[in-house]
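For reference, the structure discussed in these notes is given below.
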Amino acid sequence: MSESIAGTEAIGIRNAVKRYGDFTALKGVTLSIADNEFFTLLGPSGCGKTTLLRMIAGFEAVSEGEIVLYGERIAHLPPDKRPVNTVFQHYALFPHMSVFDNVAFGLRRLRKPPGEVERTVREMLALVHLQDFADRLPGQLSGGQQQRVALARALAPHPQVLLLDEPLSALDLKLRQAMRGELQRLQRDTGITFVFVTHDQEEALAMSDRIAVLRAGEVQQVGTPEDIYLRPENRFVADFIGDTNFIEARVERVLEGAAELIIDGGIRVRARLSHRVAPGEAVTLSLRPENIVITAPGEGLAEARVLAQTFLGPNSLVTLELPGGTRLHWRRSNQSGGGQGLGPGESVGLRFAEDAIAVLRS
Amino acid sequence: MSEVAVIDARRRWLALAPAYLVIGVFMVIPLMIMVAISFMEQNVYGGVFRVFSTDAYTQFLFQRDFDGNLVFNPAYLVILGRSVALAAAATAICVAVGFSVAWFIVRQPPRRRNLLVFLITIPFWTNLLVRAYAWVIILGRGGVIDSPFRALGLLGPDGTLGLLYTNTAILIGLTYTYLPLMVLPIYASLEKLDFRLVEAASDLYADKWWTMRQVVLPLAAPGVIAGAILVFVPALGDFISPNLLGGAKRLTLGSLVQFQFATARNWPFGAAVAVILLVFVMASLALYVRLTRKAGKAGQP
């Protein structure tokens with residue numbers, strides 16, 4: 001289901017391979033990005049996400065495969081012949097040109113009449129709230145303002161696709177969070193397809209329509225933020241995005257789209273299946289810490305003992321131990337009136353939220 | 001002023017004294033001597049008579065006819081014009097060639113870059129005179145350039161292309177001599193260039209030429225201007241290339257000065273020509289300051 005695309009395809013990446021000498025940065029990536037989508041390439045550094053973005057922009061040649069932009073093959077075109085624009089990680093604003101000239105650069109190259117250049121630049125600067133800064137030089141702006149000039153510059157020629165290479169990574173936390181909403185708004189207002197590269201999973205979850213998780217040059221999973229977070233398909237995705245508990249289990253019974261499994265000490269649980277398993281097979285389950293529900297001792301699915309508790313502000317991470325020795329992290333809300341803390345050694349009952357356990361592909 | 005401040009000021013003077021001494025002894029005093037000599041009278045046996053005279057400057061523009069009247073004589077202005085034209089042409093060629101070379105070096109991997117920069121400096125290891133003579137042999141009758149033409153029977157009865165002893169030969173000599181002084185400052189400014197800006201330009205539909213003109217050249221301008229000054233100033237005063245490659249017939253300001261002191265024994269006139277040369281150099285430096293100020297205002301952060 002995660003592969004299905006609504007509407008037309010903006011970018012199609014067909015089995016793209018990138019080699020640098022003996023090193024293969026991308027090992028046959030196939031992706032389909034829909035028109036008017038906020039699509040994120042997410043992964044740790046070195047996973048190939050930036051290489052993929054640079055291949056779409058034209059800065060890197062594909063070693064194998066094809067890139068299709070609204071039905072046109074573009075892999076052979078130089079960057080200046082591709083109707084896509086990039087927001088660079090370190091902005092790459094032209095230091096000798098005013099903000100106005102920076103934003104006008106692409107429009108002038110496309111030989112737009114001066115009146116239209118003027119109008120579009122003013123419009124773009126208004127869009128990023130920098131109307132009053134047209135005559136400044138980039139060096140006279142703060143990091144956040146430079147960031148917005150870079151956005152305006154890349155949006156001004158109204159590209160078919162906007163590529164964003166970790167554009168928020170150089171900003172401080174507060175600004176970064178404010179810019180998330182700003183970017184989403186810009187994407188909706190302009191109707192341009194955004195391809196966003198980041199290693200920050202929170203950023204990806206907050207902004208994207210869909211996310212592709214990459215690792216070592218391969219796509220691990222493609223899906224909506226909910227898909228990726230709630231229904232991770234493999235151990236890497238479950239681990240990279242958010243915190244999770246990995247639980248070893250044995251398949252007891254296979255049902256329609258789900259399975260009954262036995263974990264630690266004979267506890268019987270139900271889990272969603274996104275792939276085939278056979279009864280008797282040993283598998284790994286993923287269970288998010290917030291999906292454990294604590295009950296009074298004896299009232300839950302199983303008994304557990306509290307080992308430790310770490311205070312994290314809005315919540316605390318409590319380490320529990322099942323009778324068979326399996327340890328689970330439980331995320332406990334620190335909402336006021338949420339009851340007293342748990343002391344180490346205390347016994348509790350626990351059960352799992354409905355639909356909370358995913359069977360991972362090995 | 002407090003006592004500490006007085007001591008501080010004194011200390012500063014003391015610390016700067018060697019610099020003032022060097023500038024005074026090696027620059028200000030010789031220049032003053034030169035200016036002074038230019039306003040004295042010639043002693044035809046060498047040296048000068050210590051009598052105030054503006055004859056040397058008059059001689060630059062006028063000569064006396066048989067009746068002793070001053071008549072305008074453009075001969076030295078022609079030499080000045082030729083010198084400026086040759087120096088400017090050499091500078092222009094050096095900018096074009098030097099920029100290409102510097103760009104080529106900058107685009108190499110770092111290790112090869114250092115090697116290439118090192119190779120650029122190699123000509124400085126050999127005496128300039130020897131290198132200039134080498135050009136005499138290359139350009140001269142039956143030289144390296146002539147011989148293939150001769151072998152193909154393309155040369156006339158005089159058996160030479162006649163390259164040597166022309167303005168072209170001087171230009172080749174000047175360009176060859178001062179090219180490294182152009183490459184190095186341009187290289188220095190290109191090396192600091194953020195090549196992500198080149199990517200950004202191509203992302204915004206700029207082809208190579210547009211990127212060069214709109215992004216690379218403006219940002220490399222300080223290097224180009226510095227290189228232009230480093231080439232133009234010594235090329236204007238050079239006398240080795242004009243003497244060896246231009247022959248005795250094509251005087252430039254540099255060779256004129258050398259001739260006045262060494263052969264004609266007209267020190268005041270030689271000094272006057274040197275002062276005129278100096279004024280030209282100062283004027284071009286003033287232009288440089290204005291240009292860089294403008295570039296500074298457009299400013300890189």
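Some points to look at:
- Evaluating B:Ala220 against the criteria (1) within 14 Å of another protein chain (Cβ to nearest Cβ); (2) touching a residue at least 24 places away in the same chain (Cβ under 8 Å); (3) surrounded by fewer than 23 Cβ atoms within 10 Å (Cβ to Cβ) leaves one unmet condition, (3).
Each row is one residue, and each column tells you yes or no for (1) at pLDDT 95 or above; (2) within 14 Å of chain B (Cβ to nearest Cβ).
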{"residue": "A:Arg111", "(1), (2)": "no, yes"}
{"residue": "A:Val117", "(1), (2)": "yes, yes"}
{"residue": "A:Val121", "(1), (2)": "yes, yes"}
{"residue": "A:Met124", "(1), (2)": "no, yes"}
{"residue": "A:Val128", "(1), (2)": "no, no"}
{"residue": "A:Gln131", "(1), (2)": "no, no"}
{"residue": "A:Gly139", "(1), (2)": "no, yes"}
{"residue": "A:Ser142", "(1), (2)": "no, yes"}
{"residue": "A:Gln145", "(1), (2)": "no, yes"}
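- Restricting attention to the stretch B:113-123 and to residues that are modelled with pLDDT under 90 and exposed (fewer than 12 other Cβ atoms within 10 Å of the Cβ), the residue that is farthest from the chain's Cα centre (by Cα) turns out to be B:Ile122.
- Criterion (farther than 21 Å from A:Arg235 by Cα, open to solvent by less than 50 Å² (accessible area, probe 1.4 Å) and touching a residue at least 40 places away in the same chain (Cβ under 8 Å)) met by exactly one of A:Ala304, A:Ala358: A:Ala304
- If you filter the stretch B:1-54 down to residues that are among the hydroxyl-bearing types (Ser, Thr, Tyr) and over 24 Å from B:Gln258 (Cα atoms), you find that the one that is least open to solvent (accessible area, probe 1.4 Å) is B:Ser2.
- Check on B:Leu179, within 14 Å of another protein chain (Cβ to nearest Cβ), open to solvent by less than 60 Å² (accessible area, probe 1.4 Å) and either assigned to a helix (DSSP H, G or I) or of a type outside the set (D, E, K, R) (or both): no
- Residues considered: B:Ala92, B:Ala96. Of these, the only one that is closer than 27 Å to B:Ile225 by Cα, under 15 Å from the mean Cα position of the chain (by Cα), surrounded by fewer than 18 Cβ atoms within 10 Å (Cβ to Cβ) and not β-branched (Val, Ile, Thr) is B:Ala92.
- Residue count, the stretch B:245-258 (criterion: open to solvent by 40 Å² or more (accessible area, probe 1.4 Å) and touching a residue at least 24 places away in the same chain (Cβ under 8 Å)): 3
- Against the test of being open to solvent by 30 Å² or more (accessible area, probe 1.4 Å), touching a Gly at 6+ places or on another chain (Cβ under 6 Å), within 13 Å of A:Glu248 (Cα to Cα) and at pLDDT below 85, the options A:Gly324, A:Gly266 yield a single qualifying residue, A:Gly324.
- Selection from the stretch B:259-296 of residues that are open to solvent by 70 Å² or more (accessible area, probe 1.4 Å) and part of a helix (DSSP H, G or I): B:Phe259, B:Phe261, B:Thr263, B:Trp267, B:Val279, B:Phe280, B:Met282, B:Leu287, B:Arg290, B:Leu291, B:Arg293, B:Lys294
- Residue within the stretch B:196-204 that is more than 14 Å from every other protein chain (Cβ to nearest Cβ) and either of a type in the set (Ser, Thr, Tyr) or surrounded by fewer than 21 Cβ atoms within 10 Å (Cβ to Cβ) (or both) present: no
- Strands (runs of 3 or more DSSP E) contained entirely in the stretch A:21-103, each with at least 1 residues that are away from chain B (no Cβ under 14 Å), free of Cβ contacts under 8 Å to residues at least 40 places away in the same chain and surrounded by 17 or more Cβ atoms within 10 Å (Cβ to Cβ): A:23-34
The values are calculated or read from the model by the stated rules, or taken from the named source; none is laboratory data. Fair warning: this is a prediction, and the values are worked out from it, not measured in the lab. Ideal geometry is used to build each Cβ from the backbone, glycine not excepted, and the neighbour counts take in all protein chains shown. With ligands, DNA and RNA removed, areas are computed over all heavy atoms of the protein, side chains included. Shrake-Rupley method; radii C 1.70, N 1.55, O 1.52, S 1.80 Å.
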